[in-house]
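Comments concern the structure below.
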Amino acid sequence: MSISREPRVAVVGATGAVGNQLIELIAARGFQLSELKLFATEAGAMQTVDAAGEERLVDALENPADLRDFDIAFLAVPAPRAAEIVAARPGPILIDLSAANRPPSDVPMVAPGLTSREAIAQLRKATVFATPHPAAHVLATCLKALGAHGGFAAATAMLGASAGGRDVLTATVDQTTDLLSARLELDDDEVQRGFNAFMREHERSVATAIAAQVAALFDGSPVLSVQVAAIPVLHGSALTVDIARPRGRRGNGEDAVELLRGAPGILIAEEGEPLGVIDAVGQEAIVISVEPRPDSLSLWCVFDNTRLAALGALWIAETLALSSPALA
C-alpha cells in the first residue's frame, strides 16, 4: 500500500451494535479520512444510518474484493464472515473485531493503554489486527494499573445483550415483551434471555478466550480464574475482580484507588455512590468502585462494551495513520 493522503475507510457491519458505535466515534473523534463507505451483510443492506448528521446508505458486501480500493476496513461482523474476508486478503488493513470471542492467534492483538503506539508502529506492515474482548481489555487494564504481576485473581464478567450484537439485543427485547404479556414461547434450542441470567458452553468458551487474551495483553499477569454470564441488561456490561494482595501490601485501599485513578481510560466512582451498568452506557471510560479487604482487593467495574470495542478498533486505525507515511 503506497499512498500519501488521508485513508479510505470501510466499515463492514455498519448496521450492527458495534458498527454503529464505530461510525459515531469516527465523527466524534475527528478521524481524518478521504472516504467512508458503509457495508453490511445482505440482511442489513439498503438500510440507512446516521453518520455525522448525514443519512448514509449501507451497501451489501457481496464479495471481499469489494474492499480492494480501501486502505482500512473494520470488520464488525460475526466470526465466519470476518474469517472469509481475512482469508481473501482483499487489500486494506483489516481490523477484526470478531476476534473478541476467541484466544489470540498469530494475528497481532492490541488495545489502547495496553499496547504502546511504538509497538503498533513496528507492526505497521501487518495486514490484519485483532481487538480483544472488552472484558479482557477492562481486566488487563485494571491488573496493569495495579501492577498485579503474579499471584492470583478471579473475575466474573456479566455481559449484557449488546455483547452479542444486534440480533441478541432484538431477541432480548422481544422475549421481554412476550414475557410481560404472558405469551413467551421458546424453541427447544432457544434460551430465555429476558429476566434470566445464564452460563452456557458459549459463555464458558468466551471465559477461556478472555483469560488467554489478558495473558497476551499483560505480561506477567496473575493466574486467572474467569467466568462469564449473560445477564438481562440491554446495553453495557459489568466485571467483578478479586485480586489477592501481595504480602506487605495491606492498608485501606487508598494506594490502589490512586493507581487506578492514574491509569488511562479509568474513572473512579465516588465513594458510597451506587454504581450500575447503566452509569457506563455512552461513556468511553471504565467506571470502577474499589472495596479493600484484609487480604484482597475487590473491584466492581461497569463499561459500555460496544463503545469500548469500537474505541479500541478506531484507536488502531488512528495509530496506524499517525505512524505510517502510507496512511498519513
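Tabulated data for the structure shown
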read-out: Those residues of the stretch 112-139 which are in a loop (DSSP other than H, G, I, E, B), within 22 Å of Ala263 (Cβ to Cβ) and more than 17 Å from the chain's Cα centre (by Cα), in sequence order; value: Ser116
read-out: Any pair with Cβ under 6 angstrom, 6 or more apart, that starts in the stretch 51-70 at a residue that is in the same structural domain as Leu36 (by TED's automatic domain parsing) and modelled with pLDDT of 95 or more and ends at one that is small (Gly, Ala, Ser) and surrounded by 12 or more Cβ atoms within 10 Å (Cβ to Cβ); value: Pro64/Ala88; Leu67/Ala10; Leu67/Ala73; Arg68/Gly91; Phe70/Ala10
read-out: Selected residue (criterion: nearest to Asp279 (Cα to Cα)) from residues of the stretch 209-244 that are within 16 Å of the chain's Cα centre (by Cα) and polar (S, T, N, Q); value: Ser237
read-out: Residue match in the stretch 284-297 (condition: in contact with a Cys (Cβ under 9 Å, 6 or more places away or on another chain), under 30 Å from Val107 (Cα atoms) and not assigned by TED's automatic domain parsing to the domain that holds Arg102); value: yes
read-out: Test: residue in the stretch 34-50 that is over 22 Å from the mean Cα position of the chain (by Cα), under 22 Å from Glu284 (Cα atoms), surrounded by fewer than 23 Cβ atoms within 10 Å (Cβ to Cβ) and without any contact (Cβ under 8 Å) to a residue 40 or more places away in the chain; value: no
read-out: Val277 being crowded, with 23+ Cβ neighbours inside 10 Å, under 17 Å from the mean Cα position of the chain (by Cα) and at pLDDT 95 or above; value: no
read-out: Verdict on Gln213 being free of Cβ contacts under 8 Å to residues at least 24 places away in the same chain and not assigned by TED's automatic domain parsing to the domain that holds Asp106; value: no
read-out: Residue in the stretch 57-76 that is β-branched (Val, Ile, Thr) and under 20 Å from the mean Cα position of the chain (by Cα) present; value: yes
read-out: Residue check, Thr141 under 24 Å from Phe74 (Cα atoms), at pLDDT 95 or above and in contact with a strand residue (DSSP E or B) (Cβ under 8 Å, 6 or more places away or on another chain); value: yes
read-out: Contacts under 7 angstrom Cβ, first residue in the stretch 4-26 being without any contact (Cβ under 8 Å) to a residue 60 or more places away in the chain and buried (at least 24 other Cβ atoms within 10 Å of the Cβ), partner in a helix (DSSP H, G or I) and among the polar types (S, T, N, Q), 6 or more apart; value: none
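Conditions tested, residue by residue: (1) within 15 Å of Asp219 (Cβ to Cβ); (2) over 12 Å from the mean Cα position of the chain (by Cα); (3) not assigned by TED's automatic domain parsing to the domain that holds Ser298.
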position	(1), (2), (3)
Ala82	no, yes, yes
Ile85	no, yes, yes
Asp106	no, yes, yes
Val110	yes, no, yes
Thr141	yes, yes, no
His149	yes, yes, no
Ala154	no, yes, no
Gly160	no, yes, no
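The values are calculated or read from the model by the stated rules, or taken from the named source; none is laboratory data. Predicted, not measured: the structure shown is a model, and the values here were computed from it. Cβ atoms come from the backbone with ideal geometry, glycine included; neighbour counts cover every protein chain shown.
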